[in-house]
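Below: the structure, in structure tokens.
The values are calculated or read from the model by the stated rules, or taken from the named source; none is laboratory data. All values derive from a computational prediction rather than experimental measurement. Ideal geometry is used to build each Cβ from the backbone, glycine not excepted, and the neighbour counts take in all protein chains shown.
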Amino acid sequence: MGPQDTPDVMDDDDNHVSSEIYEEIDYTSPSKPTFNPSYEVSRFEFSTPHDNSVMVDSDGDLIVPRRKFSRKNYVDIENKRSTVLGLVGLQVWRGALLLADWLIYNSKNIQKGTHILELGSGVGLSSIIASMFSPVFCTDIDKGDIMPLIKHNVQKNTRLVQNPVEVIELNFNSETLPSTIAEALPNIPVIIAADVIYDDTLTDAFISTVRKLLAPPGDRSIYVALEKRYVFTIADCDSVAPCYEYFMRCLKEANGINSEELALDFPQYFRYERVKELAMWKLSKS
């Protein structure tokens with residue numbers, strides 16, 4: 001999740017929001033903040049899947065893996081636990097952890113020699129996990145501490161980073177894609193985004209960016225992880241998820257874009273509450 005310059009996104013000091021994940025699990029890391037002393041370092045532990053390839057012993061007998069998962073690992077992320085709405089990208093949200101699970105599970109399906117592009121990368125957690133399997137273009141708007149913080153968190157987790165991570169500004173409101181991204185698109189089959197649906201004006205800009213990314217020749221898909229956020233409205237006399245519902249309307253009306261909701265039946269490698277409000281969508285060219 002990254003901040004974007006939209007007129008409807010609030011930036012005043014009276015409207016702070018906090019990610020719920022910190023209320024559910026203690027993510028405190030023994031590591032101390034080195035980017036900004038007012039920030040915190042959160043440690044997100046995860047397991048990597050056991051190699052499921054078929055193995056045989058010297059007698060030709062099948063070797064049955066003893067464990068479903070291999071050893072534990074972790075990613076340390078310097079972040080804030082509360083921000084104004086316009087800087088929510090400085091926090092970690094559930095969608096990023098869901099997306100990280102999806103990346104680990106699908107790592108064997110990532111084409112060798114290609115790049116992954118992340119939109120609205122926020123603090124860079126999903127891009128760091130993606131870099132374990134592929135070179136990454138990690139993008140967000142250059143606002144607040146976002147860009148230098150991403151670079152700092154990538155450097156903080158070099159033991160995990162197995163491929164280059166290039167941090168580039170990509171503003172959903174820009175009329176054109178960054179030249180680096182536009183030139184690399186033929187070699188980017190997988191595009192990811194987490195927690196970028198929280199403001200209708202931003203959603204419009206995101207859909208516009210999706211169109212730009214899918215329009216050029218080539219087979220590529222955009223995977224969007226998000227959480228439906230419900231509010232009770234007197235008008236509806238019910239709890240509704242207005243930002244999610246607006247996103248659904250945008251997808252339905254978006255000519256040239258196929259949308260498919262994905263089942264969340266892949267394993268959970270990270271520690272977090274995989275609540276029923278989480279969702280993941282695949283967008284592709286129709």
Check: Among the residues of region 29-52 satisfying the criterion of being loosely packed, with under 12 Cβ neighbours inside 10 Å and modelled with pLDDT of 65 or more, which is farthest from Ile146 (Cα to Cα)?
Finding: Pro30
Note to self: If a residue must be within 16 Å of Glu78 (Cβ to Cβ) and of a type outside the set (Ser, Thr, Tyr), how many such residues does region 104-128 contain?
What the structure shows: 5
Checklist line | Residues of region 156-196 classified as within 18 Å of the chain's Cα centre (by Cα), within 15 Å of Asp142 (Cβ to Cβ) and small (Gly, Ala, Ser), total | finding: 0
Check: Inside region 250-282, can you point out the residues that are of a type in the set (A, V, I, L, M, F, W, C) and out of contact with any Phe, Trp or Tyr (no Cβ under 8 Å at 6 or more places or on another chain)?
Finding: Cys250, Ala254, Ile257, Ala263, Leu264, Val275, Leu278
Margin query: Could you check region 220-243 and list, in sequence order, the residues that are modelled with pLDDT under 95 and either of a type in the set (Gly, Ala, Ser) or within 16 Å of Lys282 (Cβ to Cβ) (or both)?
Written below: Ala235, Ser239, Ala241
Check: Just one of Asp8, Asp61, Asp12, Asp26 is at pLDDT below 95, surrounded by fewer than 17 Cβ atoms within 10 Å (Cβ to Cβ) and over 30 Å from Ala205 (Cβ atoms); which is it?
Finding: Asp61
Next item on the list: Mind counting the residues in region 265-286 that are assigned to a loop (DSSP other than H, G, I, E, B) and polar (S, T, N, Q)?
Entry: 2
Item checked: region 258-286, subset loosely packed, with under 13 Cβ neighbours inside 10 Å and hydrophobic (A, V, I, L, M, F, W, C), residue farthest from Ala215 (Cα to Cα) -> Val275
Next item on the list: Using the structure shown, decide if Ala205 is of a type in the set (Gly, Ala, Ser), out of contact with any strand residue (DSSP E or B) (no Cβ under 8 Å at 6 or more places or on another chain) and either in a loop (DSSP other than H, G, I, E, B) or over 30 Å from Val17 (Cβ atoms) (or both).
Entry: no
Check: Any idea how many residues of region 132-162 are in contact with a Leu (Cβ under 8 Å, 6 or more places away or on another chain), surrounded by fewer than 24 Cβ atoms within 10 Å (Cβ to Cβ) and not in a helix (DSSP H, G or I)?
Finding: 6
Item checked: Residue ID - surrounded by the most Cβ atoms within 10 Å (Cβ to Cβ), chosen from residues in region 173-188 that are part of a helix (DSSP H, G or I) and of a type outside the set (Val, Ile, Thr) -> Leu185
Item checked: Yes/no for Val224 being part of a loop (DSSP other than H, G, I, E, B), of a type in the set (A, V, I, L, M) and surrounded by 13 or more Cβ atoms within 10 Å (Cβ to Cβ) -> no
